[in-house]
Amino acid sequence: MIKNIELSRKKITAIDSAKQLRRRELSQKIAFALIWLAGLFAVAVLLLIIYYVVSNGFKVIDLEFLTTRPAGGVSGKGGISTTIVTTLYLVILTIAIAAPLGIGTAIYMVEYAVELSGKKGFLTALVNLIRTSVEILAGVPSIIFGLFGFAVFVSYMKLKFSLLSAGLSGACLVLPLIIRTTEEALLTVPQSYREGSLALGTTKWQTIFSVILPSALPGIITGIVLSVGRVIAETAVFWVTLGGSYRLPKNLLSSGRTMALHVYMLASETRAFDKALGTSAILILIIIGLNLAINITSRHFYKRFSGK
Amino acid sequence: MTEKINENGKTKIRVEDFNLFYGKFQALQHITIEIPGNRITSIIGPSGCGKSTFIRSFNRMNELIPGVRTEGRILLDDKNIFDIDPVELRKQVGMVFQRPNPFPKTIFENIAFGPRAHGIRDRRILEEIVEKSLKQAVLWDEVKDNLNKSGLALSGGQQQRLCIARALAVEPEVILMDEPASALDPIATLKIEELIQQLKEKYTIVIVTHNMQQAARASDYTLFFNMAENRAGYLVESGKTTDIFTNPKNELTEQYISGRFG
């Protein structure tokens, strides 16, 4: 209620609005400048690293470097052909183990475990335990996954230093990442899709498989591609589970050497620092390529779903 | 005490002393009513009186919410729906929601989704169903050349008709509509109302509406719900729409339809 209409209509002249506005605009400009600087700094550092690695690395990259296998020994002679193939094998194996497990866990937690909310009992406790474990696992340093893999897969299960040991350990490493990204993706699927589908007389699984998973697919793919990047970039885990053989792995129980591991070994045990940089350059290009792939797929899906 | 609101038609849904609880909170109390077949029955009442909860009981959609408990019976063609598997029940009792919710699929796939889930694989049969459903939903002429476009690319009114077509495609007997036009503009609303009139020849329609003109225009029978002291929804009055709107027996109904509360 306005008691005094005259007073409320009176213009308050105590504030010099023009001066105020100038001061506010100035502080906005300063804030913008600082934010811009911070952004520029981050981008500049990143570009500098990429430039350093790629420009130095490209000196050794040629077709021969890519197609011959490392010679071994302290000279660091030879190329990186087998490490590229081993990396590819390991990525496929790790994702083949981790993706079904991770996606399945996330589906269970988002789509099935909700029915338990509010109830007390064994299953509710189990779901809470899974959720907490995933959060903790996501923050565990990778060397600990490596030691775990070494103790369980390499020693106890007698899988030795092998692709299989490394793939299982790598799966443990990326599992939390896949679970979390899939969970996020499923949670963003509108409840109205679930209701709309169930109201047509579909079973819960039909709804999950045909409506929810396709809608969550971009997010799930992003999680998987991030995991691929994680496997490609990882050294600590594979250092203690994959061994370091520079030969091409013959089967799942063969030892091997990924590109990242090769970089580490070249830099720490040989004189071929230039070849370490060359391998790194190729690694960086692959990671950039993967990120582009994420962008393109998510844009593609966005277009398809929004119908624009 | 069963309230007869239908003199000659056949009863499609019979609700007997139905109570619904969200945990300890009672949302619906002692509802007993018969809903006639091949007619449009509208449910009106102030916000929070349990209209949506009531129709979501007919296809057991409330069971998706943890902690829901019901008492009493709802009979669909003399069969208690709580004895029918909810998946089977929802095939017979379709639903259209307040906000259009097409799937992020093509128009064709949106409609073929239901029949396909029920086991129809033959592409030719699916094409027939899609065409028939879209025609029934008066959307065919607008989209027949663009069946591979995303359902989300349609306008709001078209999306809602797509959702109606999607519900029709599984050939239900009853269609529940939860304020189907509340998110639409007046012209799209009018189209939906015309469509509902055509659908009653083949289907039993129960529609929740906030809009009293809509109930008066578009329905044959009207149920008026209100909130009791304990905030539970109950049925105040039911009858032919013309009677309810011109000659309400209950004082509350009269106050509500004349806009004095709600």
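Values quoted throughout were computed directly from the atomic coordinates according to the rules given, and no laboratory measurement underlies them. Quick caveat, the model's predicted, so the values are computed rather than measured. Backbone-built Cβ (ideal geometry, glycine too); neighbour counts: all protein chains shown.
With respect to A:TYR193, determine if the residue is away from chain B (no Cβ under 14 Å), over 21 Å from A:ILE97 (Cα atoms), surrounded by fewer than 23 Cβ atoms within 10 Å (Cβ to Cβ) and hydroxyl-bearing (Ser, Thr, Tyr). Walk me through how you get there before you give the answer.
On the way: away from chain B (no Cβ under 14 Å): no; over 21 Å from A:ILE97 (Cα atoms): yes; surrounded by fewer than 23 Cβ atoms within 10 Å (Cβ to Cβ): yes; hydroxyl-bearing (Ser, Thr, Tyr): yes.
Against the criterion (away from chain B (no Cβ under 14 Å), over 21 Å from A:ILE97 (Cα atoms), surrounded by fewer than 23 Cβ atoms within 10 Å (Cβ to Cβ) and hydroxyl-bearing (Ser, Thr, Tyr)), A:TYR193 does not qualify.
Entry remark, segment B:36-51: residues being surrounded by fewer than 20 Cβ atoms within 10 Å (Cβ to Cβ) and under 24 Å from B:GLU229 (Cα atoms) number 3 in total.
In segment B:98-138, the residue that is farthest from the other protein chains (Cβ to nearest Cβ) out of those that are of a type outside the set (Phe, Trp, Tyr), under 21 Å from the mean Cα position of the chain (by Cα) and assigned to a loop (DSSP other than H, G, I, E, B) is B:VAL138.
Entry remark, segment A:48-81: residues being under 13 Å from A:ILE282 (Cα atoms) and among the aliphatic types (A, V, I, L, M) number 8 in total. Among the residues of segment B:160-189, the ones that are assigned to a strand (DSSP E or B) and more than 11 Å from every other protein chain (Cβ to nearest Cβ) come to 2 in all.
The set of residues in segment A:172-215 that are in a loop (DSSP other than H, G, I, E, B) and closer than 21 Å to B:ILE120 by Cα comprises A:ALA199, A:LEU200, A:GLY201, A:THR202, A:THR203.
Against the numbered list (1) crowded, with 23+ Cβ neighbours inside 10 Å; (2) farther than 30 Å from B:GLN98 by Cα; (3) of a type outside the set (Val, Ile, Thr), A:LEU198 comes up short only at (2).
Applying the condition of being within 14 Å of another protein chain (Cβ to nearest Cβ) and among the hydroxyl-bearing types (Ser, Thr, Tyr) to segment A:201-238 and asking which residue is surrounded by the most Cβ atoms within 10 Å (Cβ to Cβ) yields A:THR202. Consider segment A:255-307 and keep the residues that are touching a helix residue (DSSP H, G or I) at 6+ places or on another chain (Cβ under 6 Å) and assigned to a loop (DSSP other than H, G, I, E, B). The one that is farthest from A:THR86 (Cα to Cα) is A:GLY307.
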